[in-house]
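J.: Sharing a structure, written as structure tokens. Questions coming.
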Amino acid sequence: MDIRTAEDKTAVLEALLNEARIEANQLRQRLEFYRRVIASTRLVMGHEFKKPTTAISGYLELAHEDVEKADLREALAFIEKARNECLLLNELNAFYLDLLKVDGGGGEPATESVDLLEIIVDSIEQTPDHLRAKERVRIVVADRFPRVLLNRYAVKLIVLNLLENALKYSPAGSPVRIEAETSRDKRGAGDRELLKLRVADAGAGIADEDVKRIFMPFVRLESSKVEGSGLGLTLVRNLVDMCEGEVSIRSERGQGTTVYVTMPFTRSDAAGVVRP
């Protein structure tokens, strides 16, 4: 072998390796920059978003007093709706801060004693008026349903998104049914039980090939004319995963869709936030 040729090949390889090192270093610097930008954005969202909602809530409280004195019932209903939306924003912000703490090594999301029926009723109140949730949603929950120890915000977002999806993707005026029951968790020892949620609609149904990808981000069914981001069911799946649960869908064309959610929990008769 020609020594010069071998030396030339070595020099070329070293030059290529050097270029690769430079590019890798540049990529690391860019990734670090984007990481800092994302971290700053998350902190800004967690810290600053509460300020405007707190201010709006205060102004609405003042307006509520004046409108109530004037006995303007229609205006009072609008103000109540706006106050509920501000309450939801505050809940979302609190949940976001909780997740930031978890992401920063602060353990796991907080759990507390949750009244499921209360969450369902609140979710119905906070769905858009044009969906007519109060008229359409049928609640099937036992009178003495136990309080469950779960993350309140996660359960609220799961119920809210499932109800909105069912209402949006079914004919106007058709009923949507939400059922809840508990059963013993046979998968392990201890006092854990299973919370089982079912949300059923009378919509057009989903094709088999679409059911397999419906939980993927930004998936929008071609047959759907309903506006949306395609993130609702993805969010539901992620929240259910966070609660160590499972979610599935059963659907047939022309027969409607039912979403099944199962989450482990322990009973709780005491209020208060609990951190693992």
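Every number in this text was worked out from the coordinates using simple rules, so none of it is lab data. Keep in mind it's a predicted model, so treat the numbers as computed, not measured. We place every Cβ from the backbone using ideal geometry, glycine too, and count neighbours over all the protein chains shown.
J.: Please name which of Leu239, Leu195, Phe49 has its Cα lying farthest along the dipole of the chain towards the positive end, using unit charges on Cβ (Lys, Arg +1; Asp, Glu -1) and the Cα centre as origin.
T.: Going by the Cα projections, it comes out as Leu195.
J.: Right, here's the next one. Could you tell me which label, among [x] 0.96; [y] 1.13; [z] 1.00, carries the value of Rg/Rh (Cα atoms, Kirkwood Rh) calculated for this structure?
T.: Calculated Rg/Rh (Cα atoms, Kirkwood Rh): the matching label is [y].
J.: Still on this model: In the Gaussian network model of the chain, springs joining C-alpha atoms below 10 Å, which of Leu117, Leu27, Leu150 carries the largest mean-square fluctuation?
T.: Of Leu117, Leu27, Leu150, the Gaussian network model singles out Leu27 as fluctuating most.
J.: Note the full-extension length gain between Asp71 and Asp208 as 0.36 nm times their separation in residues minus their Cα-Cα distance, in nm to one decimal.
T.: Working: separation 137, 0.36 × 137 = 49.32 nm, distance 5.35 nm.
Additional length available on full extension: 44.0 nm.
J.: Which of the trypsin sites (Lys or Arg not before Pro) across the range 73-146 are loop residues per DSSP, with 16 or fewer other Cβ within 10 Å?
T.: Answer in residue order: Arg132, Arg144.
J.: Now, a different point. Which length gain, in nm to one decimal place, applies between Thr266 and Arg250 when the Cα-Cα distance is subtracted from 0.36 nm times their residue separation?
T.: That works out to 3.0 nm of additional length.
J.: Further, regarding this structure: Only loop residues by DSSP count here, and only those with at most 11 other Cβ atoms within 10 Å; note down the GluC sites (Glu not before Pro) in the range 4-34 that meet that. Intermediate values should be presented prior to the final figure.
T.: Values: sites: Glu7, Glu14, Glu19, Glu23, Glu32; in loops: none.
Here no GluC sites (Glu not before Pro) fit, given the DSSP loop and packing criteria.
J.: If you don't mind, another one. Report the full-extension gain for the segment Glu48 to Leu231: residue separation times 0.36 nm, less the Cα-Cα distance, to one decimal in nm.
T.: 63.5 nm
J.: For the residue pair Lys81 and Arg28, what label-to-label distance in nm results when each label sits 7 Å from Cα along the Cα-to-beta-carbon direction?
T.: In this crude label model, Lys81 to Arg28 measures out at 5.6 nm.
J.: Moving on. Calculate the all-directions average of the projected area of the range 100-250's alpha-carbon convex hull, and give it in nm².
T.: Answer in nm², one decimal: 10.4.
J.: Among the listed pairs Lys69/Lys156; Lys81/Lys168; Lys186/Lys212, give every one whose C-alpha distance is greater than 31 Å.
T.: In this structure, Lys69/Lys156 lie more than 31 Å apart at Cα.
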